[in-house]
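Q: My questions all concern the structure below.
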Amino acid sequence: MSDHRWEVVIGMEVHVQPKTLSKMFCGCGIAPLNAAPNTYVCEVCLGLPGVLPVPNEAAVEACLKTALALNCEIPRHTKFDRKNYMYPDLPKGYQISQYDLPMSVKGYLEVGTRKVRIRRVHLEEDTGKLIHAGDRLHKAWESYVDLNRAGVPLMEIVSEPDLRSADEARDYAMELRTLLRTIGASEADMEKGQMRVEPNVSIRRNDTEGLGVKTELKNINSFRALHRAISFEVARQSELLESGGVVVQETRGWSEAEGRTFSQRSKEFAEDYRYFPEPDIPPLELDREWIAQLRLSLPELPSVRRGRLAEKHRLPVAVAEAIGGDRELADLFEMAVERGAPAVATANWIVNEVAPSGKLLAGESLAALMKLVEGGSITRDQARETYFEAVETGHTPAEIVTEHGFTQVSDEAQLRVIAEAVIDANPKAAGDYRAGKKQAMQALMADLRKRAPQANPKLANEVLLKLLG
Ligand SMILES: [Zn+2]
């Protein structure tokens, strides 16, 4: 594949389950993943005749907050529509969605240096789940339907085709998740199906403006899979076009096990959903006062917080990005710094120790620990041990340090004795260093750390330098 000839064009359709206690149009609760089939259902979500759907205010609110955080315009009126749907996992025979008057339009999300336009954010209901089981050998097929999920609220966030690589598409999805979690609209856990990402991918020659034929990718349940699926699809399409073939507009599934996309459903005959207005739900008037209140209720958004952290605490950009992209980590950082922890060291600690382990200590304890490290009272290894023990036991860092007798040797006379022993034991490295091979110091320091793990490394280095000088 020759990348220079092709430009990648990606748009994203993301379905997100807003955080609500009940379903979109009835009072049924949201079933946990392990719930017995068909235990979270009622006459409304089973589609029995003679019932009336009532929109869930919490879902509308989550959708509006998401739209506002994505800089969307909120129209004065919005309405629901029926979208014809012919599968048994939605027994009504239609899905309530939004067609020509969605909850919001024309926003954007900044991802790195790219401003990705958002076409619309609207609300709809989820479908149930079909389970096909059976015995291939005896051709005894059985199909089951579980309607626990039928009628669960979903927000659909549709972007314009503004993304240009698999990296950008993954970053967009991650930024969206951060945003949704920050404003409390959704937990957006991809593994739990609370966030489903469907990229549409096409390629075009670098020197053209029009769009190529796109394929839509489904069954993606992680950021990694998103990246892999798009990369595969770009390679497949460019190989196809370069060998004189054509791309067919279709829906393709992603097989994680095989690492490839496969054709699911051809879009040759464009689906005609025959939308029509939902007669049982009157159009909603979106009160301006309410919208203004929702806008004011939004917390500081991740992009703003990252900028503020970098500037106020003089953090390196990458560190500010990593912390500002996670509300819990950013809160922890700010709490610790407010309690006197050194900013840059604490930020690095959070990136290197807290983020990978996912174990959070209270801000006050982290501040106490970082002050011990900064003052040279304990080594970094001891600090690490103290941190995780504090998380486990709830003891304070000071208690743990005392209990273990953790201290760092910062006494120059003591360090001098150790340094002399190191030089005696490593005549070659010492000689090399004296002859001008500066990297020989690494071997000497390594031996020193082995003999005296408690030694303050900065001071020990100085003592070694003096002895060798
Ligand atoms: Zn129900």
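The values are calculated or read from the model by the stated rules, or taken from the named source; none is laboratory data. None of the values given here were measured: they were computed from a predicted structure. Glycine gets a Cβ as well: all are built from the backbone with ideal geometry, and neighbour counts include every protein chain shown. SASA here: full protein model, heavy atoms, side chains in, ligands and nucleic acids out. Shrake-Rupley method; radii C 1.70, N 1.55, O 1.52, S 1.80 Å.
Q: Assigning unit charges at the beta carbon (Lys, Arg +1; Asp, Glu -1) and nothing else, what dipole magnitude in debye, to the nearest 20, does the chain show about its Cα centre?
A: Computed about the Cα centre, the dipole is about 960 debye.
Q: Can you list, bin by bin at 5 Å, the percent of alpha carbon pairs in the stretch 356-414, starting at 0?
A: Spelled out per bin, shortest first, that is 4, 19, 33, 23, 12, 5, 3, 1, 0.
Q: Would you report the distance distribution of C-alpha pairs in the stretch 317-469 as whole percents per 10 angstrom bin, up to the bin with the largest distance?
A: Per 10 Å bin, starting at zero, the Cα-Cα P(r) for the stretch 317-469 comes out as 11, 34, 25, 21, 9, 0 percent.
Q: Just going by the charge dipole of the chain, with Lys and Arg at +1 and Asp and Glu at -1 on Cβ, which of Ile96, Ala166, Leu46 is farthest out on the positive end?
A: Ala166
Q: In addition: Roughly how many percent of the accessible protein surface of the stretch 163-225 is carbon and sulfur, given a 1.4 Å probe and a whole-percent answer?
A: In the stretch 163-225, the share of accessible area belonging to carbon and sulfur is 40 percent.
Q: Where q = 0.13, 0.27 Å⁻¹, what log10 of I(q)/I(0) comes from the Debye formula for the stretch 393-469, counting one point per Cα?
A: Result of the Debye calculation: -0.44, -1.24.
Q: Packing-wise, with mean Cβ within 10 Å as the measure, how do 392-401, 159-168 rank, highest first?
A: Highest mean packing first, the order is 159-168, 392-401.
Q: Largest first and to the nearest Å, give the Cα extent of the stretch 108-251 along each principal axis.
A: Taking max minus min along each principal axis of the Cα atoms, the stretch 108-251 gives 54, 45, 24 Å.
Q: If I model a spin label as a point 7 Å beyond the Cα along the Cα-Cβ vector, how far apart are those points for Ala443 and Leu211 in nm?
A: 6.4 nm
Q: Efficiency by 1/(1 + (r/R0)^6): what FRET value for Tyr144 and Glu328, r their Cβ-Cβ distance, R0 = 35 Å, to the nearest 0.05?
A: Details: r = 39 Å, r/R0 = 1.11.
FRET efficiency, Tyr144 to Glu328: 0.35.
Q: In Å³ and rounded to a whole number, note down the convex hull volume per residue for the Cα atoms of the stretch 248-390.
A: 250 Å³
Q: Consider just the alpha-carbon atoms of the stretch 222-315 and return their Rg together with their Dmax, both in angstrom.
A: Cα radius of gyration and Dmax of the stretch 222-315 are 23.0, 58 Å respectively.
Q: Something else now. Students often check this: by mean Cβ neighbours within 10 Å, which of 350-356, 238-244 ranks highest, and how do the rest follow?
A: Going by the mean number of other Cβ atoms within 10 Å, highest first, we get 350-356, 238-244.
Q: Shifting gears a bit: Between Ala347, Val8, Asn461, whose Cα lies farthest towards the positive end of the dipole of the chain when Lys and Arg beta carbons carry +1 and Asp and Glu beta carbons carry -1, centred on the Cα centre?
A: The Cα lying farthest towards the positive end belongs to Asn461.
Q: Quick check: net charge around Arg339, other residues with Cβ under 12 Å of its Cβ, Lys/Arg +1 and Asp/Glu -1?
A: Every neighbour counted, the sum reads -2.
Q: Here's another thing I want to ask about it. Taking the full set of protein chains and a 1.4 angstrom probe, give the accessible area of Lys65 in square angstrom, rounded to the nearest 10.
A: Using a 1.4 Å probe on the heavy atoms, I get roughly 40 Å².
Q: Write down the radius of gyration of the stretch 1-105 and its Dmax, each obtained from C-alpha positions, in Å.
A: Rg and Dmax of the stretch 1-105, Cα atoms, are 17.9, 60 Å.
Q: Using +1 on the beta carbon of Lys and Arg, -1 on that of Asp and Glu, and nothing else charged, what's the dipole of the stretch 142-294 about the Cα centre, debye to 20?
A: Numbers: 20 positive and 30 negative charges, 97 e Å.
Using only the charged Cβ atoms, the result is roughly 460 debye.
Q: Could you go through the stretch 443-449 in sequence order and give the Karplus-derived ³J(HN,Hα) for each residue, using 6.51 cos²θ - 1.76 cosθ + 1.60 with θ = phi - 60°, rounded to whole Hz, and x for Gly and Pro?
A: 5, 5, 5, 4, 5, 5, 5
Q: Once the principal axes of the Cα atoms of the chain are found, what is the range along each, listed largest first in whole angstroms?
A: 89, 55, 54
Q: Starting from 0.36 nm per residue, how many nanometres of slack lie between Arg136 and His77 once their C-alpha separation is accounted for?
A: Fully extending the segment from Arg136 to His77 adds 16.1 nm.
Q: What accessible area per residue, rounded to a whole number of Å², is obtained for the chain using a probe radius of 1.4 Å? Please report the intermediate quantities before stating the final value.
A: Details: 24180 Å² over 469 residues.
Value returned for the chain: 52 Å² of accessible area per residue.
Q: How much net charge surrounds Ala429 when only the other residues with a Cβ under 12 Å from the Cβ of Ala429 are counted, with Lys and Arg +1 and Asp and Glu -1?
A: Summing Lys/Arg as +1 and Asp/Glu as -1 gives +1.
Q: Taking 18 Å as the cut-off for C-alpha to C-alpha distance, list the pairs among Lys106/Lys192; Lys129/Lys214; Lys19/Lys129; Lys115/Lys312; Lys23/Lys92; Lys65/Lys312 that go past it. Can you show the working numbers first?
A: Details: Lys106/Lys192 29 Å; Lys129/Lys214 27 Å; Lys19/Lys129 20 Å; Lys115/Lys312 25 Å; Lys23/Lys92 15 Å; Lys65/Lys312 27 Å.
In this structure, Lys106/Lys192; Lys129/Lys214; Lys19/Lys129; Lys115/Lys312; Lys65/Lys312 exceed 18 Å between Cα atoms.
Q: So, one more: Find, among the GluC sites (Glu not before Pro) in the stretch 10-91, those assigned to loop by DSSP (not H, G, I, E, B) with at most 14 other beta-carbon atoms within 10 angstrom.
A: Values: sites: Glu13, Glu43, Glu57, Glu61, Glu73; in loops: Glu43.
Listed in order of number, the matching sites are Glu43.
Q: May I ask you to give the percent of accessible area on the stretch 274-356 that is carbon plus sulfur, with a probe radius of 1.4 Å?
A: Carbon and sulfur atoms account for 53 percent of the accessible area of the stretch 274-356.
Q: Using Cα positions and a limit of under 27 Å, work out the lysines in reach of Lys438, with same-chain residues fewer than 8 apart set aside.
A: Result set, ordered by chain and number: Lys428, Lys450, Lys458, Lys466.
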